[in-house]
1. So Arg367 ticks every box in (1) assigned to a helix (DSSP H, G or I); (2) surrounded by 14 or more Cβ atoms within 10 Å (Cβ to Cβ) but one. Which box is left unticked?
2. Just the residues that are more than 15 Å from Arg132 (Cβ to Cβ), touching a Lys or Arg at 6+ places or on another chain (Cβ under 9 Å) and not in a helix (DSSP H, G or I), please, taken from region 88-105.
3. Being touching a residue at least 40 places away in the same chain (Cβ under 8 Å), of a type in the set (Asp, Glu), assigned by TED's automatic domain parsing to the domain that holds Tyr62 and part of a helix (DSSP H, G or I): is that true of Glu30 here?
4. Quick one: what pairs do we get from region 10-23, first residue outside the structural domain of Phe55 (by TED's automatic domain parsing) and at pLDDT 85 or above, second among the β-branched types (Val, Ile, Thr) and part of a helix (DSSP H, G or I), C-beta under 7 Å, 6+ apart or different chains?
5. Would you be able to say whether some residue in region 168-187 is outside any strand (DSSP E or B) and without any contact (Cβ under 8 Å) to a residue 12 or more places away in the chain?
6. Does region 216-227 hold any residues that are on the phi < 0 side of the Ramachandran plot and surrounded by fewer than 21 Cβ atoms within 10 Å (Cβ to Cβ), and which are they?
7. Please tell me if Arg80 is under 28 Å from Arg129 (Cβ atoms), at pLDDT below 85 and touching a helix residue (DSSP H, G or I) at 6+ places or on another chain (Cβ under 9 Å).
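The values are calculated or read from the model by the stated rules, or taken from the named source; none is laboratory data. If you're wondering where the values come from, they're calculated on a predicted model, not measured in any experiment. Neighbour counts run over all protein chains shown; Cβ positions are idealised from the backbone, glycine included.
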Amino acid sequence: MNEQTREQIALARFKIISPVLAEPGRKQNEYLRKQAEREHLMPHYGPKNYAMSTFKGWLRKYGKEGFDGLKPRGRSDRGRPRRLSDEDLAIIEVRCKAYPEMTIKLLYEQLSAEGQLGDPPIGYNNLVRIVRQRGLLPGRRRTDVRKRFETGAVNELWVCDFMHGPMVRTDRRRAKAILCAVIDDHSRMIVGHAFAASETVAALTVVLKEAFEAFGLPKRLYVDNGPSFSADLVAKACAQAGISLIHSKPYDSPSRGKIERFFRTVRDRFLPGVSEQPSLDELNDAFSVWLREDYHHKNHRGIDGRPIDRYHASAGRVPIRRMSRSELDEIFLVRHERIVNNDSTISFKGNIYEVPAAYIRQRVELRHTVDDPTELYLYDNGARVGRLKLVDAKENARSFKPTTAPAHIRFAPKPGATREDQP
């Protein structure tokens, strides 16, 4: 019953008792006795007969509380059967909160077996009404549920992300340093790290290569959906290294909670001690020292121990997959395709390179390291042919030898040419 309906009922009651509000008791009784013999049309309730005592009760409430006293009172037990106590309702609410995927039918069976549905127990339909009115069971699982987890050994899961750091000095300018860090889920060791002047694939590649070389290959690499992590180069490198590359949901930084918590530690314990606007090299050197002397050797509450100790304890029990430096260089090469010109050259990023003549007018594959596009290599069906050299026109001119036709070869005269015009 809404407030408007309650006011309409109060107004109808007032119309019945208003004629005798100022009358003495005898006249009131005569009037109310006649009203009790009649049928009254009441909002919400419809045609109804009332006893004389009911009318007197309305008079008393109006005298004490005014117009609001004539409004119907709401039930204190509204929304539940009267056989259910507050304790029974609390048990139902707790059970629904703990098991949101449970059906009402299963809930009814469990509560009935435990004797938590009142005495005598309420019916199934009453429980359905209670659950739906109070919104106790959403009808589907929550999608934001997150449970604490930890892998059983090192290199089972690495988490990588970027953090914006302080301003640093670079070549003739100031820039914001971006920290790329990789944390091992089991030990909380930082297995890869570097500050760079940008959040690029090049910065990510440098960190991953060094981490893979120093600590071996992880089974899984967990990253976000940023442009650097979504680059084909990273996906191909992980594919060749046998690493499962997993992207988190967009805008779901809590899923990478361990690396985010480490970044908070960096802001709280490392950055306050950094000098104002250091160079990138100075910042990286200071960060390496801080990891070595502070973070890796401090007690970590998440594992109740030092990361360095936990890493070595686990690394001694499990096999570590590794790749050589040359193999790592190979999987992180950026790939391009070009068609070789008739003069055995190709153009790449504004430079002209010499290509063996056997590849003239053929489509060839070029590869280079992500941080040095001038170190360009030619590949043929996946096999490296060799490193390409920039064209040296002057050197080629020295070795150039023009060819002439042999003396015994004569050319046919052109039509209309004189003898002097013939070669």
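1. (1)
2. First pass over region 88-105, keeping only residues more than 15 Å from Arg132 (Cβ to Cβ): 88, 90-91, 94-95, 97-99, 101.
Narrowing further to those that are touching a Lys or Arg at 6+ places or on another chain (Cβ under 9 Å): 88, 101.
Selection gives Glu101 alone.
3. Details: touching a residue at least 40 places away in the same chain (Cβ under 8 Å): no; of a type in the set (Asp, Glu): yes; assigned by TED's automatic domain parsing to the domain that holds Tyr62: yes; part of a helix (DSSP H, G or I): yes.
When the stated conditions are applied, Glu30 does not pass them.
4. Between residues of region 10-23 that are outside the structural domain of Phe55 (by TED's automatic domain parsing) and at pLDDT 85 or above and residues that are among the β-branched types (Val, Ile, Thr) and part of a helix (DSSP H, G or I), there is no close pair.
5. The first filter runs over region 168-187 and keeps only residues outside any strand (DSSP E or B), leaving 171-172, 185-187.
Next cut, without any contact (Cβ under 8 Å) to a residue 12 or more places away in the chain only: 171-172.
Yes: region 168-187 contains one or more residues that are outside any strand (DSSP E or B) and without any contact (Cβ under 8 Å) to a residue 12 or more places away in the chain.
6. Restricting attention to region 216-227, the residues satisfying the condition of being on the phi < 0 side of the Ramachandran plot are 217-227.
Those that are on the phi < 0 side of the Ramachandran plot and surrounded by fewer than 21 Cβ atoms within 10 Å (Cβ to Cβ): Leu217, Lys219, Arg220, Asn225, Gly226, Pro227.
7. Numbers: under 28 Å from Arg129 (Cβ atoms): yes; at pLDDT below 85: yes; touching a helix residue (DSSP H, G or I) at 6+ places or on another chain (Cβ under 9 Å): yes.
Yes: the conditions hold for Arg80.
Residues are listed down the side, and each one gets a yes or a no for (1) at pLDDT 85 or above; (2) under 30 Å from Pro272 (Cα atoms); (3) under 20 Å from the mean Cα position of the chain (by Cα); (4) not small (Gly, Ala, Ser):
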{"position": "Arg132", "(1), (2), (3), (4)": "no, no, no, yes"}
{"position": "Gly135", "(1), (2), (3), (4)": "no, no, no, no"}
{"position": "Gly152", "(1), (2), (3), (4)": "yes, no, no, no"}
{"position": "Val159", "(1), (2), (3), (4)": "yes, yes, yes, yes"}
{"position": "Pro166", "(1), (2), (3), (4)": "yes, yes, no, yes"}
{"position": "Arg173", "(1), (2), (3), (4)": "no, yes, no, yes"}
{"position": "Ala177", "(1), (2), (3), (4)": "yes, yes, no, no"}
{"position": "Ala181", "(1), (2), (3), (4)": "yes, yes, yes, no"}
{"position": "Ile190", "(1), (2), (3), (4)": "yes, yes, no, yes"}
